[in-house]
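First the structure, in the form of structure tokens, and then the observations on it.
The values are calculated or read from the model by the stated rules, or taken from the named source; none is laboratory data. Please read these numbers as outputs of a predicted model, since none were measured by experiment. Cβ placement follows ideal geometry from the backbone for every residue including glycine, while neighbour counts extend to all protein chains displayed.
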Amino acid sequence: MPVSLRSAMTLVTMSISAMLSTGLAMNPLSAQVPKANEDESLVSMSPLPDPLLSKDGTKITDAAQWPAQREYLANLIAEHEYGFAPQEKAIVTWDLVEQGLMNDNKTKRQQFVVHLKSKEAAIDVDLVLFLPNSEVKSKGCFLGLNFQGNHTVASDPAIRLPKSWVANDPKIGVTANQATEAARGGQSDRWPIAEINARGYSVATAYYGDLDPDFDDQFANGVHSLFPSHKATKEHPNRWGSIAGWAWGLSRLMDVLVEQPSIDANRVAVIGHSRLGKTALWAGVTDPRFSIVIANNSGCGGAALERRNFGETVFRINTSFPHWFNPNFKQYNQNESAMPFDQHTVVACIAPRPVYIASATKDLWADPKGEYLGGWYATPVYKLLGFDGLPSETPPPADQSVGDRVGYHNRTGSHDILLFDWQQYMNFADRHWK
Ligand code: GTR
């Protein structure tokens, strides 16, 4: 970290209310953390590693060198940040357990139970697919995980409740880590299914806790339970954390989608908000079958450059959520300039496929400018491959969508994913899937 910034970030003891507002109360070790910087004038970023610099220090100048370079970078990122998923494959099978029409008769609903099985264990994941009722094959499909259960994305009474662990939240009727009817439809603002279907697209979603419950259990449950000998430990600090687990799960859901006659396997976008935006980016890097990648308000560990130290930092995220990344990532706490890459490298690893990054003006915790720059500094890779990325180093005004192969907007408002965001994503998909 640059000296000027470090000195500006004096160690403070956080008040309980400040800890709660940042989620840090989850970990008592985090009583002493540097104050979060949300002042642009205090940002002084150390130089970013160049994604076009190969392992031997030479700069790649030919598009033909990109696949090998991409592999090198993706391995570097897995090693130091998200962790490697196991090489061993899971057996993936599925049952279509329910289908019908939604109330408005415009959407066809299909519900699947996806079975993931290894030599050691088996888990089930509920997947719901919303298809336009009018089309034989939808124009493309958006696949994304949801935060509270499939039943929260629409008020439709037929949507199944998850059976897996849900974080307690009395506001949504969860007091015993089990989903209840109270949350049905509660996240529908984030999933404008009717509007998406009206534009000819389908939506597929699953509850992220079905894949890996979002708490620190030393990588024992969820998808990690399928491969107990591939656990991240002190001896194996490069193995998968929860984000890598959720991303791996998205690939398994993709395995199911490509078998559906209603889905065009070449037109599936992976999408996610916040921690699930970080997940969508990593799923996009690790699985080239996702033809478009969309990271909404993905922030730290997502599209935002860590070296800016703006809003949430590596230290804070590793303290609040020690299970999201692999143990190796902890060495970059307050030491971001030692990272052999930054988040623009993660974005670049999606090239040449289209990627869209979005921010919200009030979401300083996720660092809108840092998210934009994550796309901007990936742009030279797109250029090498013959495509345009983002147009300039300066982010656009609020609510304006810019960019070609790398898209970006900064929606007026707070940390969320709303109809405006989806409209930009569908415009982007219209352009790239034309
Ligand atoms: C916050 C976390 C962010 C973001 C967000 C979310 O508490 O600091 O990195 O992931 O949660 O996922 O809602």
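A single member of Ala78, Ala31 is surrounded by fewer than 17 Cβ atoms within 10 Å (Cβ to Cβ), under 17 Å from Val314 (Cα atoms) and either away from the ligand (no atom under 16 Å from the Cβ) or at pLDDT below 65 (or both), and it is Ala31.
Every condition in (1) among the polar types (S, T, N, Q); (2) more than 16 Å from the ligand (Cβ to nearest atom); (3) out of contact with any Ser or Thr (no Cβ under 7 Å at 6 or more places or on another chain) holds for Asn333 except the one numbered (2).
The rows are residues; the columns are (1) within 13 Å of the ligand (Cβ to nearest atom); (2) in contact with a Ser or Thr (Cβ under 9 Å, 6 or more places away or on another chain).
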site	(1), (2)
His224	no, yes
Glu235	no, no
Trp246	yes, yes
Pro261	no, no
Arg267	no, yes
Gly277	yes, yes
Pro288	no, no
Ile294	no, no
Gly302	yes, yes
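Selection of segment 370-405 for residues being free of Cβ contacts under 8 Å to residues at least 12 places away in the same chain, of a type in the set (S, T, N, Q) and under 20 Å from Thr345 (Cβ atoms) yields an empty set.
Checked against (1) hydroxyl-bearing (Ser, Thr, Tyr); (2) out of contact with any Leu (no Cβ under 8 Å at 6 or more places or on another chain); (3) in contact (Cβ under 8 Å) with a residue 40 or more places away in the chain, Thr58 passes all but a single condition, namely (3).
From the set of residues in segment 393-434 that are among the small types (Gly, Ala, Ser) and buried (at least 18 other Cβ atoms within 10 Å of the Cβ), which is nearest to Lys139 (Cα to Cα)? Within segment 393-434, the match that is nearest to Lys139 (Cα to Cα) is Ala429.
Here is a yes/no grid of residues against (1) within 16 Å of the ligand (Cβ to nearest atom); (2) in a loop (DSSP other than H, G, I, E, B); (3) charged (D, E, K, R):
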residue: Lys362; (1), (2), (3): yes, yes, yes
residue: Trp365; (1), (2), (3): yes, no, no
residue: Gly374; (1), (2), (3): yes, no, no
residue: Val381; (1), (2), (3): no, no, no
residue: Gly386; (1), (2), (3): no, yes, no
residue: Leu390; (1), (2), (3): no, yes, no
residue: Thr394; (1), (2), (3): no, yes, no
residue: Asp399; (1), (2), (3): no, yes, yes
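All conditions in (1) within 16 Å of the ligand (Cβ to nearest atom); (2) crowded, with 24+ Cβ neighbours inside 10 Å; (3) closer than 21 Å to Gln110 by Cβ hold for Asp212, with the sole exception of (3). In segment 157-180, of all residues being touching a Phe, Trp or Tyr at 6+ places or on another chain (Cβ under 9 Å) and of a type outside the set (Gly, Ala, Ser), the one that is farthest from Asp216 (Cα to Cα) corresponds to Pro162. Would it be correct to say that Phe147 is touching a Ser or Thr at 6+ places or on another chain (Cβ under 6 Å) and closer than 19 Å to Trp422 by Cα? So Phe147 does not fit the description; no.
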